[in-house]
Every structure is written in C-alpha cells, then in structure tokens.
Number of protein chains: 2
Amino acid sequence: MGATKTDHFTDQQNQIATIAKALGHPARVAIIEHLLKVNTCICGDIVNELPLAQPTVSQHLKELKNAGLIKGSIEGNAICYCIDEKTFEVLKNYFSKIITTVSKQNCC
Amino acid sequence: MGATKTDHFTDQQNQIATIAKALGHPARVAIIEHLLKVNTCICGDIVNELPLAQPTVSQHLKELKNAGLIKGSIEGNAICYCIDEKTFEVLKNYFSKIITTVSKQNCC
DNA sequence: TTATTATATTGCAATATTACGATAAAGATT
DNA sequence: AATCTTTATCGTAATATTGCAATATAATAA
C-alpha cells in the first residue's frame, strides 16, 4: 500500500517518527548542520551550500519546519531560518531514556 | 526523481540520516518501545503486539537491523531481537552536540 | 513602474516505501 | 518422515518521496 497506519500507534510514537523522518534525509541533516555552522539566522545561502536546486531545498526546509526542527521568520524579502532547540531536546530526551532503560536490562 | 544523492553529503550526514530514517515510522518506534518494555530478548511476540501482518513486521525488523538499531540472534527456531545501545548513543550524542551549539548562538 | 532578488508553489517523472498474500526456509515436535 | 512453529523472502499494488523546470509570489532596488 504505502500508507502508514498512524492511527494504530500512540501519539508519542507518531511524534518521534515524524521528527525522525524529517531527519531521515542527508540533505536535511546538511541543512541543520549549515544552520549550526553559520551561527546566525541570516539564511538564504543554504541553496548555494547544497548540491540541489532551489525548489528542492525549499521543499526540504518546509519539511524541517513542519516537523518543528527549524523555524523561519521573514526578514525583508529574505527568510531567516533557525534551529528550533526544543524539538531536538525532545529527541535527545527520548534517546536518553531508551539508553537508560536498556542499561538496566540484564540480557544479551 | 526519488533517488537520494547520498554521494554529495558527508559520511556523518548520511549515517545520521540512515539511522533517523529507520526511526521515521511509528511501527518501528513501537517495535523499539516493545523491546524496551519486555526487558528481555525472547522476542517473537512482536507480531502479536503490532497491528501489522507478519511479513510487514519482519520487513520493519530488517530495516531496524540494517540501521544498527537492533541486533538479532538465533535461538532455536525463534529469533531473539535486542536493542543495540551503541547506535542510540550515536544519536543522543549527535543531538546533544546540536543543542549545545545552538545554546551558544546569540540570535533569534 | 519596471526590474531584481529571494523564496514558495505547481506539475510531473523517477524512484522508494509500505503493506500483505503466498510461499519458502529452518529448527522443533510428534 | 510428517507436521508444526517461527521468521524470511518474493511478488505486487497502493502510496509517498525526491528532484527539478517552470512559474508564482513578495519585498526591494533602480
């Protein structure tokens, strides 16, 4: 089929999957890393940094924004994109919890 | 096109994207959470826990295994699946680094 | 007003993913 | 051996994703 049965899973499972999915493409990981590197929100040079056409980059930015990983604000005729720390913290805390729980297990 | 241009990105970017992609489906997140909950590696009841057919679950398990998120060992005619802590630590450390770097930025 | 610049949207082709029935493979049980 | 149990693979249909050319939108500059 191809359609994911999201309604069979918990809200948290869907939330983690949605965020992880957004990071499930190297171009989007590269966008995040570029936003980190420039250390400022005057973005718009992202297109020049990536080996992808402008509409493709725009689409990836949209997906990162929908997942809550970045936020964008209009600055004149350009748009300023920034990393949304909160969502990364959701991920970090989730994985921390997994690691802690696994460590307590006494098998394997 | 649909084909991802992995060769244009760094090894780390591809690695993070591959792992994140594997977690980018609620069924696979649910599998991870079930492995945590049972606190043992006598798996095989995963199929009964999920609203998906056996071949579908098997496919999801394969993807989690390929991404290094779980490991499986043969136990008689059953297979014992476990969480592979190391890969989750890769993710946690990666996100921790992002959060630390963002915190140092003075914009937005 | 007419460019120019920056980003988004549309439309479409190529490819990937998801899901599952049918079937295969392999060890366990009778 | 014949059967059962467990998991994997194949084949295929439905849907989603990726990428980009063309075009649209919106603010700025000339």
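The values are calculated or read from the model by the stated rules, or taken from the named source; none is laboratory data. Given the structure is predicted, the values throughout are model-derived calculations rather than measurements. Here the Cβ positions follow ideal geometry from the backbone for every residue, glycine too, while neighbour counts run over all protein chains shown.
So which of B:Ile46, B:Ile32, B:Ile83 is touching a residue at least 24 places away in the same chain (Cβ under 8 Å) and more than 9 Å from chain A (Cβ to nearest Cβ)?
On the way: B:Ile32 fails: more than 9 Å from chain A (Cβ to nearest Cβ); B:Ile83 fails: more than 9 Å from chain A (Cβ to nearest Cβ).
It is B:Ile46.
Residues of region B:34-45 include none that is buried (at least 21 other Cβ atoms within 10 Å of the Cβ) and among the β-branched types (Val, Ile, Thr). Please go through region A:74-86 and pick out each residue that is closer than 15 Å to A:Ile46 by Cα and more than 8 Å from DNA strand C (Cβ to nearest atom). Listed by number, the residues that qualify are A:Cys82, A:Ile83.
Looking at A:Leu91, is it at the interface with chain B (Cβ under 8 Å from one of its Cβ atoms) and at pLDDT 95 or above?
Numbers: at the interface with chain B (Cβ under 8 Å from one of its Cβ atoms): yes; at pLDDT 95 or above: yes.
So A:Leu91 fits the description; yes.
A single entry from A:Glu89, A:Glu63, A:Glu75 fulfils the requirement of being under 14 Å from A:Ala27 (Cβ atoms) and among the acidic types (Asp, Glu): A:Glu63. Inspect all residues belonging to region A:63-71 and state whether any of them is within 27 Å of B:Thr6 (Cα to Cα), among the hydrophobic types (A, V, I, L, M, F, W, C), part of a loop (DSSP other than H, G, I, E, B) and touching a residue at least 24 places away in the same chain (Cβ under 8 Å). Scanning region A:63-71 turns up at least one residue that is within 27 Å of B:Thr6 (Cα to Cα), among the hydrophobic types (A, V, I, L, M, F, W, C), part of a loop (DSSP other than H, G, I, E, B) and touching a residue at least 24 places away in the same chain (Cβ under 8 Å).
For region A:54-74, what are the residues that are under 16 Å from A:Thr18 (Cα atoms), within 12 Å of DNA strand D (Cβ to nearest atom) and touching a helix residue (DSSP H, G or I) at 6+ places or on another chain (Cβ under 9 Å)? Passing the criteria: A:His60, A:Leu61, A:Glu63, A:Leu64, A:Asn66, A:Ala67.
Where helices (runs of 4 or more DSSP H) sit wholly within region A:1-55, those with at least 2 residues that are at pLDDT 95 or above occupy A:11-22, A:26-38. Is it the case that A:Lys37 is more than 7 Å from chain B (Cβ to nearest Cβ), more than 15 Å from DNA strand D (Cβ to nearest atom) and either in contact with a Cys (Cβ under 7 Å, 6 or more places away or on another chain) or of a type in the set (Ser, Thr, Tyr) (or both)? When the stated conditions are applied, A:Lys37 does not pass them.
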